[in-house]
Amino acid sequence: MKIGIIGAGNIGGNLTRRLTALGHDVSVANSRGPHTLTALAEETGATPVTAAEAARGAQVVVVTVPLKRVPDLPSGLFDEAAENVAVIDTGNYYPKERDGKLTGIEDEGLTESRWTERHIGHSVIKAFNGTYAQDILERPRPKGDPDRMALPVAGDDEAAKKTVRDLIDELGFDTVDSGGIDVSWRQQPGTPVYGLRAGVEEVTKALAEASPERSAAFRA
């Protein structure tokens, strides 16, 4: 598939490494410009581009930037993407450490991914937000392996969700459908599933035990 990755930090960089290794056509962008991605491009064979170009023709786009930077993404970002593009949101709200107060999340009670959808103008599939970046490289397992990790996946677009779940399966992880974006608080920071390295049964249990109440640690 043609895949665009916007954000070349730990998650974005390691997804670039794995997805190119699997044979996908990957374009990668960051906030500093394509010239700063030369080393990653040489390592992986990915194409360094601007954020505005990353979604062009893409069947999957991964948005993996700090939440406070989401409103800075180019308008019309997905205008030239493939029809029915699946947009993966890996973001998390860290008000104390990084993002400051985002009123839509704290005052309106939006889930983090619903807030992101509002700003980018496209539905998203929430995945990888509670995954350790190094696990993307080090913990893939074949289907059926008892040590295979499961990742929660939320989203309202069932076709896009299937695309993303199939891609995660190809990367070497199981998935658990955690529902729509309005209940994606089940996998936000501070919940039992966040950062959980476990299989389908434990991930399913952790999602069921989540509370929609945002803890003080994750409020501005």
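I'd like to know if segment 185-206 contains one or more residues that are in a helix (DSSP H, G or I) and modelled with pLDDT under 95.
No, segment 185-206 contains no residue that is in a helix (DSSP H, G or I) and modelled with pLDDT under 95.
Taking G172, is it surrounded by fewer than 16 Cβ atoms within 10 Å (Cβ to Cβ), small (G, A, S) and on the phi > 0 side of the Ramachandran plot?
no
Give me the pairs, please: first residue somewhere in segment 203-219 and closer than 15 Å to D182 by Cβ, second residue anywhere and β-branched (V, I, T), beta-carbon distance under 7 Å, and either six or more positions apart or on two chains.
Within 7 Å, the pairs are L207/V176; L207/V193; A210/T191; A210/V193.
Filter segment 196-210 for residues that are open to solvent by 20 Å² or more (accessible area, probe 1.4 Å) and in contact with a Gly (Cβ under 9 Å, 6 or more places away or on another chain) and give the result.
Within segment 196-210, L196 is the sole residue that qualifies.
Go through segment 103-117 and report how many residues are open to solvent by less than 60 Å² (accessible area, probe 1.4 Å) and not in a loop (DSSP other than H, G, I, E, B).
9
Confirm whether N92 is crowded, with 17+ Cβ neighbours inside 10 Å and not in a strand (DSSP E or B).
yes
Any residue at all in segment 125-132 that's in a helix (DSSP H, G or I), under 19 Å from G7 (Cβ atoms) and open to solvent by 10 Å² or more (accessible area, probe 1.4 Å)?
No.
I'd like the full set of residues that are farther than 25 Å from G199 by Cβ, of a type in the set (D, E, K, R) and touching a residue at least 40 places away in the same chain (Cβ under 8 Å), limited to segment 113-139.
Those that are farther than 25 Å from G199 by Cβ, of a type in the set (D, E, K, R) and touching a residue at least 40 places away in the same chain (Cβ under 8 Å): R114, E117.
If you take the residues of segment 141-164 that are surrounded by fewer than 16 Cβ atoms within 10 Å (Cβ to Cβ) and assigned to a loop (DSSP other than H, G, I, E, B), which of them is nearest to the chain's Cα centre (by Cα)?
R141
Checking the structure you have, find out if any residue of segment 156-166 is among the polar types (S, T, N, Q) and within 15 Å of N92 (Cβ to Cβ).
No, because not a single residue in segment 156-166 is among the polar types (S, T, N, Q) and within 15 Å of N92 (Cβ to Cβ).
Conditions (1) touching a strand residue (DSSP E or B) at 6+ places or on another chain (Cβ under 9 Å); (2) closer than 25 Å to A81 by Cβ, marked per residue:
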position	(1), (2)
R118	no, yes
G121	no, yes
Q134	no, no
D147	no, no
T163	yes, yes
S178	yes, yes
P192	no, no
S215	no, no
R219	no, no
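Would you mind stating whether N84 is assigned to a loop (DSSP other than H, G, I, E, B) and either at negative phi or crowded, with 21+ Cβ neighbours inside 10 Å (or both)?
Criteria not met by N84.
I'm trying to understand the selection: among the residues of segment 51-79, which are at pLDDT below 95 and touching a strand residue (DSSP E or B) at 6+ places or on another chain (Cβ under 7 Å)?
Answer for segment 51-79, where residues must be at pLDDT below 95 and touching a strand residue (DSSP E or B) at 6+ places or on another chain (Cβ under 7 Å): just A51.
The values are calculated or read from the model by the stated rules, or taken from the named source; none is laboratory data. Note that the structure is predicted; figures quoted are calculated from it, not measured. Counting neighbours? That spans all protein chains shown, and the Cβs are built from the backbone with ideal geometry, glycine included. Surface areas here come from the heavy atoms of the whole protein model, side chains and all, with no ligands, DNA or RNA. Shrake-Rupley method; radii C 1.70, N 1.55, O 1.52, S 1.80 Å.
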